[in-house]
Amino acid sequence: MKTLVVYFLLFLTLIACNNKPASEEKSGKTAPSKNVHRTIIDLSHTYSDKTVYWVTSQEFKLDTVFKGQTDKGYFYSANNFCTAEHGGTHIDAPIHFAKNGQTVDEIPLEKLIGPAVKIDVSSKALDNPDYLVSIEDFTNWEKDHGTKIPDGSIVLLQTGFSKYYPDKLKYLGTDQRGEHAVKLLHFPGLSPEAATWLVSKRSIHSIGIDTPSIDYGQSEYFKSHVILLEQNIPAFENLNNLEKLPLKDFEIIALPMKIEGGTGAPLRIIAMINETQNKT
């Protein structure tokens, strides 16, 4: 049996040697191999007492259960935390604004993992806190890249507002809390017309933005939420580090806490950028 194994390995070696590309045989040189370098970018804000929440939502609270040496001689630490579903870097599940929409635990993983594109409107949005991402912003991206937004894409909207986080006055437009503060909110979002265009003209899996909401701060009816979530397109809000991403050719992994029946959940979202380099 051992003899057969040895002969089999020798046979595989001969095949490998005889299957070299013709160019290699003629030159006597080995073609350089390609080395793929992967860069991972964290697009999430940290949860703490500084985390930004909607002005009517319960904020994050961390309580220490125990931290220190136990009477048995080993170190131990544990905390309890309490938070609203919608705050910090989080996901809006379709049921958040769609009666028959998917809950957090029902969202297919295919909607949360996959190829992505970035629409950078920061040059406009940073000068206008009420800026609405338009259809033209999407069609301009397509003209610049000579292609439509690919089917199944995760679309990220970069307004540049993450640089203000967690300064509530600059990021939200107000540092006040409560129902009265809703009218004081000012930050960019996606126009309802552009949301309609995305669901009717393109086929995206999910969408994200580096502001507190996919609808802009002065929205009263949250039309972009309704348009997207009624089509079971989840939204990622309060993203970070979008300026570190290219405009295309990267992948997203966005995994929320799997809350049964959840309308939203804290989200750990990362981007992966593959860069191919020649290795001699």
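The values are calculated or read from the model by the stated rules, or taken from the named source; none is laboratory data. All values reported here derive from a predicted model rather than from experimental measurement. Ideal geometry is used to build each Cβ from the backbone, glycine not excepted, and the neighbour counts take in all protein chains shown. All accessible areas refer to the heavy atoms of the entire protein, side chains included, with ligands and DNA or RNA removed. Shrake-Rupley method; radii C 1.70, N 1.55, O 1.52, S 1.80 Å.
The table that follows gives values for the structure above.
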quantity	calculated
Filter result for Thr211 (closer than 20 Å to Gly264 by Cα, in a loop (DSSP other than H, G, I, E, B) and open to solvent by less than 10 Å² (accessible area, probe 1.4 Å))	yes
Selection count, the stretch 88-119, where residues are surrounded by 19 or more Cβ atoms within 10 Å (Cβ to Cβ), in a strand (DSSP E or B) and not aliphatic (A, V, I, L, M)	3
Matching helices (runs of 4 or more DSSP H) fully within the stretch 121-198 where at least 1 residues are in contact with a Lys or Arg (Cβ under 7 Å, 6 or more places away or on another chain)	135-145
Residue in the stretch 215-236 that is least open to solvent (accessible area, probe 1.4 Å), counting only those that are among the hydroxyl-bearing types (Ser, Thr, Tyr) and touching a strand residue (DSSP E or B) at 6+ places or on another chain (Cβ under 6 Å)	Ser224
Among the candidates Ser213, Ser200, Ser191, residue that is free of Cβ contacts under 8 Å to residues at least 24 places away in the same chain and more than 13 Å from the chain's Cα centre (by Cα)	Ser200
Residues that are more than 18 Å from Phe222 (Cα to Cα) and either of a type in the set (Ser, Thr, Tyr) or modelled with pLDDT under 95 (or both), drawn from the stretch 150-192	Ser153, Thr159, Ser162, Tyr164, Tyr165, Tyr171, Thr174
Residue in the stretch 148-162 that is open to solvent by 20 Å² or more (accessible area, probe 1.4 Å), among the polar types (S, T, N, Q) and either closer than 19 Å to Asn241 by Cα or free of Cβ contacts under 8 Å to residues at least 12 places away in the same chain (or both) present	no
Within the stretch 214-247, tally of residues that are part of a helix (DSSP H, G or I) and either farther than 16 Å from Asp42 by Cα or modelled with pLDDT under 95 (or both)	7
Single condition Thr174 does not satisfy, out of (1) surrounded by 15 or more Cβ atoms within 10 Å (Cβ to Cβ); (2) within 22 Å of Ile91 (Cβ to Cβ); (3) hydroxyl-bearing (Ser, Thr, Tyr)	(2)
Lone unmet requirement of (1) among the acidic types (Asp, Glu); (2) crowded, with 17+ Cβ neighbours inside 10 Å; (3) under 18 Å from Ile107 (Cα atoms) for Glu260	(2)
